[in-house]
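Report on one structure; see the data block that follows.
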Ligand SMILES: NC(=O)c1ccc[n+]([C@@H]2O[C@H](COP(=O)([O-])OP(=O)(O)OC[C@H]3O[C@@H](n4cnc5c(N)ncnc54)[C@H](O)[C@@H]3O)[C@@H](O)[C@H]2O)c1
């Protein structure tokens, strides 16, 4: 199958950018060497849906070193780096289906193309591959799947799909929650915000919607940079935690919107900000998202309702409603990945090591796994933690 990418001529630039990431991902280097010897993925076709960026690329090198026959890589919406896509697509063992401006329809078409290849393993993010498999009766089933993120887990639960193979939810690992979600995303969202806007954070009024692992990390990092932070969550338990952590809180979103200069969604749910909130936004408010899918903000609806939409370049748009103007960053794609380089390298070294080990478990020793969703096996959490402590 032919790759579908933006600019194949960027392969060399993408390759040049890999050196730093190979240096800085000791867990993936260790697994790559081990996989080279043990060949856990020998002869397997591996379908992957993940952000197309250099950390993912190095992890794919490890999977190929483990004997995988072919990798089918579908990008996530709004986060593809064209040079990495070109670098990967230059390898005949990899088919890349990822362009920077892909629509949901493109994404769904890619997923179906990958299903036609009947892959042996699904290494997923946002449950895209898993739910594409479940969409219609299939004549084959994969050995197993991994699901990377919270949103994917929620979508699987909501679908009611009876999945006929094991699915390991990486997000259910304490390691992923404690390190990536709570620590890594906060840092990278602050970085993404600064790269996108060049604004001073000190004194700025920042509202975070959703105070789970990700939202709490974001709110705490913005506050550490001097921002005045407020938090809305539908769960009073999380709201209480936010209050005790020192943020202004309210169960009523609209009570907080009027003050907020920056509004960041991190709920894992869809349509948290819609046209119903236009009367409550402060003039000049900047909206952005850190959740897996951009649909947390109903950007299309906000755009359609505007009297004037202006593309300000660099991933920034303004929407004017009467005498009020608001701004949207990166079409609501996850800000850390679309405006920045994603989570810190060491954090993804860890998260992708979990993905790699769980993938190898499906491929070589799935007998202890059951069909449907389950957490990362404890021995894998312990192994990856110990290796990270050593590095
Ligand atoms: N950008 C990244 O790099 C990155 C990394 C990891 C996870 N994520 C994504 O971040 C999102 C949040 O993940 P998490 O681990 O914090 O999940 P979580 O379940 O720990 O937290 C979500 C919080 O949102 C709240 N919430 C749900 N619906 C709400 C609503 N309508 N209004 C207000 N609050 C609401 C919940 O009560 C909960 O406290 C998910 O989409 C996840 O996939 C992004």
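In the condition set (1) modelled with pLDDT of 95 or more; (2) touching a helix residue (DSSP H, G or I) at 6+ places or on another chain (Cβ under 7 Å), residue 78 is compliant with all but (1).
Among all residues of the range 223-241, there is none that is in contact (Cβ under 8 Å) with a residue 40 or more places away in the chain, more than 13 Å from the ligand (Cβ to nearest atom) and crowded, with 21+ Cβ neighbours inside 10 Å. Within the range 203-220, residues that are more than 20 Å from residue 270 (Cα to Cα) and part of a loop (DSSP other than H, G, I, E, B) have Cβ atoms under 6 Å from residues that are more than 11 Å from the ligand (Cβ to nearest atom) and modelled with pLDDT of 95 or more in these pairs: 204/227; 204/261, counting only partners at least 6 apart in sequence or on another chain. When the strands (runs of 3 or more DSSP E) confined to the range 267-358 are screened for residues that are more than 16 Å from the ligand (Cβ to nearest atom), those reaching at least 3 such residues are found at 308-313, 316-321, 324-329. Listed residues 292, 271; which is at pLDDT 95 or above and assigned by TED's automatic domain parsing to the domain that holds residue 234? Only one candidate qualifies: 271. Run down 54, 40 and say which single residue is in the same structural domain as residue 121 (by TED's automatic domain parsing), touching a helix residue (DSSP H, G or I) at 6+ places or on another chain (Cβ under 8 Å) and closer than 25 Å to residue 336 by Cα. Residue meeting the stated conditions: 54.
Note on the range 167-181: residues that are without any contact (Cβ under 8 Å) to a residue 40 or more places away in the chain and more than 8 Å from the ligand (Cβ to nearest atom) amount to 1.
For the range 248-266, taking the residues that are more than 13 Å from the ligand (Cβ to nearest atom) and in a loop (DSSP other than H, G, I, E, B), the one that is surrounded by the most Cβ atoms within 10 Å (Cβ to Cβ) is identified as 260. Filtering 104, 97, 77 for residues that are in the same structural domain as residue 141 (by TED's automatic domain parsing) and touching a strand residue (DSSP E or B) at 6+ places or on another chain (Cβ under 8 Å) leaves a single hit, 97. Give all pairs with beta carbons closer than 6 Å in which a residue from the range 136-149 that is in the same structural domain as residue 353 (by TED's automatic domain parsing) and more than 20 Å from residue 113 (Cβ to Cβ) meets a residue that is at pLDDT 95 or above and in a loop (DSSP other than H, G, I, E, B); count only pairs at least 6 apart in sequence or on separate chains. Between residues of the range 136-149 that are in the same structural domain as residue 353 (by TED's automatic domain parsing) and more than 20 Å from residue 113 (Cβ to Cβ) and residues that are at pLDDT 95 or above and in a loop (DSSP other than H, G, I, E, B), the close pairs are 143/120; 144/165; 147/127; 148/125; 149/125.
The values are calculated or read from the model by the stated rules, or taken from the named source; none is laboratory data. All of these numbers come straight from a predicted model, not from anything done at the bench. Cβ: placed from backbone, ideal geometry, glycine included. Neighbour counts: every protein chain shown.
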